[in-house]
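The values are calculated or read from the model by the stated rules, or taken from the named source; none is laboratory data. Computed from a predicted model, the values in this text were never measured in an experiment. Neighbour counts run over all protein chains shown; Cβ positions are idealised from the backbone, glycine included.
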Amino acid sequence: MSKKVLIQATINGEEVEFLAEPRQSLLEVLREGLSLTGAKEGCNNGNCGACNVILDGALVNSCLVLAVEIQGRSLTTIEGIAGPQGLHPIQQKFLEHAALQCGYCTPGFIVAAKALFDQNPNPTEQEVRYWLAGNLCRCTGYDKIVRAVLDAAQAIGKIPVEEI
Amino acid sequence: MQAFDYIAVRSISELCSLLSGQNGQIKLLSGGTDLLVQLREGRVKARLVIDVKYISEMAEIAYDPKQGLYLGATVSCHRVCQDPHIQAHYPGLVDAVALIGGIQIQNRASVGGNVCNASPAADAIPALIVHEAVCQVVGSKGQRQVPIESFCTAPGKTVLEAGEFLLSIQLPPPRQNFGAHYLRFIPRNEMDIAVVGAGAGVTLDNARERFVSVCLALGAVAPIPLYVGEAGAFLAGKRVSGEAIAEAALIAQAAAQPIDDLRGSIEQRKYLSAVLARRALEKAVQRARGET
Amino acid sequence: MPQVWIPALLRDLTGGQQTVHVPGKTVRQVIENLEANFPGLKARLCQDERLRPSILVAVDGEISTLGLRQGLQEASEVHFLPAIRGGAT
Amino acid sequence: MTANLRVEQTSAEEQKPAYRVIGTTPIRHDGTDKVTGRALYGADIRLPGMLYGAVLRSPHAHARIKSIDTSQAEALPGVRAVVTSADLPDLESKIAELGEGSINQRYQSCNILARDKVLYFGHPVAAVAAADPHLAEEALALIQVDYDVLPPVLDVNQAMQADAPILLEDLYTDELGKKSEHPSNIASHSQTRLGDIEKGFAEAAVIVEREFTTSMVHQGYIEPQNATALYNQDGQLTIWCSTQGAFGVRDQVASILQIPISKIRVVPMEIGGGFGGKIGIYLEPIAALLSRRSGHRPVKMSMKRSDVFAATGPTSGSTIRVKMGADQQGRITAAQAVLAYEAGAYPGSFVGAGMGVIFAPYRIEHVRTDGYDVVVNKPRTAAYRAPGGTNAAFACEVVIDELCEKLGIDPIEFRLLNGVRQGDRRADGVVYDRIGCLETLQAAREHPHYRAPLEGPFRGRGVASGYWGNYGGMSSASASINPDGTISLVEGSVDIGGTRTSLAMQLAEGLGVPAEAVRPVVADTDQVGYTEGTYGSRTTFATGLAVYELSQILKNKLVEHAARLWEVEPDQVNFAEGIFTCADKQMTLQDFAPQLPEPVVASAAVHATKWGASFATHIVDVEVDPETGKVTILRYTACQDVGKAVYPNYVEGQIQGGVAQGVGWGLNEEYLYDEKGRLVNASWLDYRMPVSLDLPMIDTVLVEVPNPGHPYGVRGVGEVPIVPPPAALANAIYRAVGVRMNVLPMSPGRIVAAIQSRAVHVPEKD
């Protein structure tokens, strides 16, 4: 076992310190160390998107990031998507459109959609499908997920920027 | 996963001294999308992982109309795709890099990593070949330059010697009447490894009627990404025509020496080599003519 | 009296008959009466005085939860079926 | 362009009731937890002192285990326990009822941890518990297993040959109680026969006979199998896991570990998809053994994705021969099929279900099916959404399409002409009750999709129908009226796709309150009566039936209390739409609840037997790239008899999800083994499930033919949507490029090869 390293990072807006072994993935530390179990392990090799988090503004698979790599960096997980006012419009639209069945892939999709809107607030259906192609869902056939994301874009467009 | 130490370095000199001071089982980490999977599956061993993405020279994109493109080895696929100069002048590279994984992978994976991973099916390498890229390799003995088509030596193997690393990839400045395209065949529309990939770069005469020079490269049909010089030699000087392109595609097919594996059979790959070579050439010509 | 549909693989015991009318107020009685006419049939359907676990009995199209104890009407139709279930989400 | 439709199909004599809650789309009760990442799935659990378990798996497809040496692993600091099959009780070979057909108990135990032989790549041979998961992995590498490698048997045709290596020396072919003389890889032969097959074919003007092969495919749920066990010092075992049915886990663990069920409590965590693959157990007994051996520490285990592929759940690959005849008018005169299904390492494929599905949508006087359940050196198969049905329908529906072409009859008209209706006999002789086969066909025929022109080269439209029998079974639930007028519902069905809400809605409907007034909870095995798993499309139907009964019991109790309050007789009190009325007095449940003189609670249990069968007809448009063989789906419409859609959004979701899985099965998904029997594509990179870019929107038509066996007309909806897609795609591909595909998946390489090898023949456009 290698020596554990003290890591300081910002997670969902809060300063966090934790110890990590270099071989531990960010996903493992989030789930087993920090009790942030919203990011899910589906494959542990970057093929399903269930562990998606936003690292310094970029959507990444937390299974393909070493925990020690986030030293000094800023992270948003599914737990940080909803604001103090309530659910984020993406989350609300997922509920309204029945865009989840088992719900296991759902955090990854919502985090991915959040990252999409940060870059492209008005995506087309094809752009949504392209962006979400790194997220696997086995329950829904993607139909209702794509609809929810498109509708969320509409909904966000109607909200004054400062309230999002 | 086996235990290893991790260190993030900030400068070339720091990296060089670390590499020269250690021996064996050192892996450089950029985006980690290949490395972490390989470590986890025990396919590679590391005692020390050196994170190189904070070295500014390795993280830089610089474009100059006279010098061409400087692409630091750790620049992510996403940054490559978003860069307006690369979009304008190196379309084949954008085609290829945009195909590597989903958004999550593109945000982490680097073009340099794709090259160093040396997969026969690497998407970036055929595209870099058609853009005539040159790799800048740094080691304790200094720098050397390696043409991209000579960089890989076998599946997973490169010309890098112990203590050496890939600093950057340089692409020559854009030429007049040049067009390039890379495409691959995958059974799905995303999240796949190329069954076959094909890249073409063509330079036409000023009338855009004849090939001045052509560079064709294939992926996943040989132990390394395959530069098919014969196809280019055949087309050089010829009038652009469907027949000539089809003939060149057959030359590419003849050069392909694929294997049977889980992603495709020899027959399928041979057959696709011609189809994709033709399509790559056609699109490259269209681009050279400013039609797309 | 109840009509019993003989499973295809047991029709060698019934001389090829697809259906047989047999008296009986329960599935058990019907099987006993079948056995009397077509020896060996009971052993193919039952084990330790129960239906084999891989076999269900359906009466008038409805799977019985009572097995051999299932009651029958005069006009009942009895089928012996393989036990199968599935899985969705 | 896309829209989801609902078509009510109540006939004149059937009542058309008005519902307040059934058929609406409330926000699901567990929704907020699931969109915020707060919902706790199996692997999200953390207990004080918890250890991590890992499993050592066989690198060989077929081998005898000569010895296992665990001493080095045990000596590694941080390792707390190592177990092998020697830690499992030896079991008499006996048949146990485990909820999913019959499973030989000893085979089940051997599948958990191999005894004398390993029978597939990935077969578990030992397990370790350690302080952290990396350490557990390191310890596995220190276990020495000495194997005597045997030749593998990798497909049904090879396995059925007389000289094939035998996997299980104690396995004899069963033909409804008759055993073969010698051990065999054929576990069973079953048969159905109706009418006189020779006579039927003699009446045919056209006969088509074809052979089909399909590959083994996986359910592909995103959450890997996991289990956490705490084997307490007092002998009480608690298991937290991801399962389709907690009671099934309890019973299987009790049987394998030979401990009383009263010593076991199974807590079903949220489950990340199952599709039939999380009915059987894998890790639970191992985690329990590791917990006991490690000094009663809790042990968490979670599979790697590659292990999920190698060692859990696939559904059978198969070889199916179909022969069908029709007269000049298009009436099917006879049909015959022989189905051979890979069971995997131990008996128990769903070939019987395949026999039930194959000709189910058609009234055929003369019909015969033969089915073979065959063991091969691949993982033991499990249920997968309408298990056995998709393979079978692929074969039948492609042959039907060829008959239609030969006879020049529109494929939907042909199916309407031959479609089954109430009173017709199935191939096994049983008479159909009220079913909606014809109604789905009519909905498809009338759908704008079917009438829309499809232009352009290499495009084609395909149609296929499908059937699934569904299931009922045992369910329990209880409820209590809260002082604020809400109702707490405690039920035993694991919620995989919104069933908390589809059940709560049935209780709400019965009591005339909004769905939000019911608070549903999924209970563990100590908190609710026996409830079978969430499988067989049974939960909204069967647990729904228990919940309906609860509503009636509660209603009666409440009316009695209201009568006492108002000092009248109960029959003078009316309770409807949530309001009690008596003469000029009235009050809502909310008004009344705080005044109740005693707790009002109820429990109900059912053993439901009147489940209604499901039918579906799908239409798909494709475009094929003739040079690469790649198929692009342009448009997809699924028409299905859903009985009564309780929670329509989620009914649509079930259909869309089933279609997506069927498309994956049809086009790209397959298990690939090398010649030594090693699985070479055990990752999502190379086991190609559809991604969002591979599918269009999937239109649904909910045809509502109420099931007479449920007060609200509910039928199972989850499984039948996976049955038609591969056949519909095959028929569309034929019309696009003129090749009849008889192999699944219809991957690009196979389509190109078929195009290149075909005799030039361009099909007529419809």
Select from the range B:191-203 the residues that are outside any loop (DSSP other than H, G, I, E, B) and crowded, with 23+ Cβ neighbours inside 10 Å and write down the one among them that is nearest to the other protein chains (Cβ to nearest Cβ).
-> B:V196
Output for the range D:130-154, where each listed residue is in contact with a His (Cβ under 9 Å, 6 or more places away or on another chain) and in a loop (DSSP other than H, G, I, E, B) = D:L150, D:P151, D:P152, D:V153
Residue match in the range D:655-663 (condition: hydrophobic (A, V, I, L, M, F, W, C) and more than 14 Å from every other protein chain (Cβ to nearest Cβ)) = no
Based on what the data block shows, is D:V631 β-branched (V, I, T) and under 30 Å from D:A345 (Cβ atoms)?
-> no
Tell me, which helices (runs of 4 or more DSSP H) lie completely within the range B:1-115 with 1 or more residues that are surrounded by fewer than 17 Cβ atoms within 10 Å (Cβ to Cβ)?
-> B:12-21, B:77-82, B:84-89
Could you list, in sequence order, all residues of the range C:56-81 that are outside any loop (DSSP other than H, G, I, E, B), over 17 Å from C:Q18 (Cα atoms) and of a type outside the set (A, V, I, L, M, F, W, C)?
-> C:E62, C:G67, C:R69, C:G71
On the given criteria, is B:C116 at pLDDT below 95 and of a type in the set (A, V, I, L, M, F, W, C)?
-> no
Pull up the range D:603-629, narrow it to residues that are surrounded by fewer than 24 Cβ atoms within 10 Å (Cβ to Cβ) and in contact with a Lys or Arg (Cβ under 7 Å, 6 or more places away or on another chain), then point me to the one that is farthest from the other protein chains (Cβ to nearest Cβ).
-> D:D621
Limited to the range D:699-723, what total is found for residues that are aliphatic (A, V, I, L, M), farther than 30 Å from B:L262 by Cα and outside any helix (DSSP H, G or I)?
-> 6
Residues of the range B:211-226 being within 13 Å of B:L281 (Cα to Cα) and not hydroxyl-bearing (S, T, Y), which ones?
-> B:F211, B:V214, B:C215, B:L216, B:A217, B:L218
How many of the residues in the range B:177-190 are farther than 30 Å from A:V128 by Cα and in a strand (DSSP E or B)?
-> 1
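Residues are listed down the side, and each one gets a yes or a no for (1) within 24 Å of D:D424 (Cβ to Cβ); (2) within 10 Å of another protein chain (Cβ to nearest Cβ); (3) touching a strand residue (DSSP E or B) at 6+ places or on another chain (Cβ under 7 Å):
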| residue | (1), (2), (3) |
| --- | --- |
| C:P7 | yes, yes, yes |
| C:G16 | yes, yes, no |
| C:G24 | no, no, no |
| C:N33 | no, no, no |
| C:G40 | no, yes, no |
| C:R44 | no, yes, yes |
| C:S54 | no, yes, yes |
Residue list for the range D:178-216, filter: charged (D, E, K, R), under 29 Å from the mean Cα position of the chain (by Cα) and over 27 Å from D:N377 (Cβ atoms) | D:R193, D:R210
Among the residues of the range D:311-320, is any farther than 26 Å from D:K199 by Cα and at pLDDT below 95?
-> yes
Consider A:E21 carefully, then state whether it is surrounded by fewer than 24 Cβ atoms within 10 Å (Cβ to Cβ), facing another protein chain (nearest Cβ under 8 Å) and at pLDDT 95 or above.
-> yes
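Table: residues versus (1) over 29 Å from B:P65 (Cα atoms); (2) crowded, with 17+ Cβ neighbours inside 10 Å.
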| site | (1), (2) |
| --- | --- |
| B:S119 | yes, yes |
| B:Q136 | no, yes |
| B:T153 | yes, no |
| B:L171 | no, yes |
Residue count for the range A:65-86, restricted to those that are among the aliphatic types (A, V, I, L, M), surrounded by fewer than 24 Cβ atoms within 10 Å (Cβ to Cβ) and within 7 Å of chain D (Cβ to nearest Cβ) = 1
If A:H97 passes every condition in (1) surrounded by fewer than 20 Cβ atoms within 10 Å (Cβ to Cβ); (2) in the same structural domain as A:D118 (by TED's automatic domain parsing) but one, which one does it miss?
-> (1)
Could you grab me the full set of residues in the range A:25-54 that are more than 8 Å from chain D (Cβ to nearest Cβ) and either over 12 Å from the mean Cα position of the chain (by Cα) or among the small types (G, A, S) (or both)?
-> A:S25, A:L26, A:V29, A:L30, A:G33, A:L34, A:G46, A:G49
Test D:F580 against the criterion of being free of Cβ contacts under 8 Å to residues at least 24 places away in the same chain and crowded, with 17+ Cβ neighbours inside 10 Å, and give yes or no.
-> yes
In this structure, is B:R188 surrounded by fewer than 17 Cβ atoms within 10 Å (Cβ to Cβ) and without any contact (Cβ under 8 Å) to a residue 60 or more places away in the chain?
-> no
Is it the case that the range B:3-11 has a residue that's within 14 Å of another protein chain (Cβ to nearest Cβ), among the basic types (K, R), over 14 Å from A:S25 (Cβ atoms) and without any contact (Cβ under 8 Å) to a residue 40 or more places away in the chain?
-> no
Can you tell me which residue within the range D:315-344, out of those that are touching a Ser or Thr at 6+ places or on another chain (Cβ under 6 Å) and not in a strand (DSSP E or B), is surrounded by the most Cβ atoms within 10 Å (Cβ to Cβ)?
-> D:S316
Subset of the range D:403-436 that is within 11 Å of chain C (Cβ to nearest Cβ) and not in a loop (DSSP other than H, G, I, E, B) - its residue that is surrounded by the most Cβ atoms within 10 Å (Cβ to Cβ) | D:R425
Exactly one of D:F592, D:F615 is over 36 Å from the mean Cα position of the chain (by Cα) and in contact (Cβ under 8 Å) with a residue 40 or more places away in the chain, and that one is D:F592
Could you pull out the residue among D:G472, D:G512, D:G492, D:G497 that is of a type in the set (G, A, S), touching a residue at least 24 places away in the same chain (Cβ under 8 Å) and out of contact with any strand residue (DSSP E or B) (no Cβ under 7 Å at 6 or more places or on another chain)?
-> D:G497
So is C:A58 small (G, A, S) and over 12 Å from the mean Cα position of the chain (by Cα) or not?
-> no
The range A:99-118 - residue that is hydrophobic (A, V, I, L, M, F, W, C), over 9 Å from the mean Cα position of the chain (by Cα) and facing chain D (nearest Cβ under 10 Å) and, of those, nearest to D:S493 (Cα to Cα) | A:C102
Can we say B:L166 is part of a strand (DSSP E or B), in contact (Cβ under 8 Å) with a residue 40 or more places away in the chain and away from every other protein chain (no Cβ under 14 Å)?
-> yes
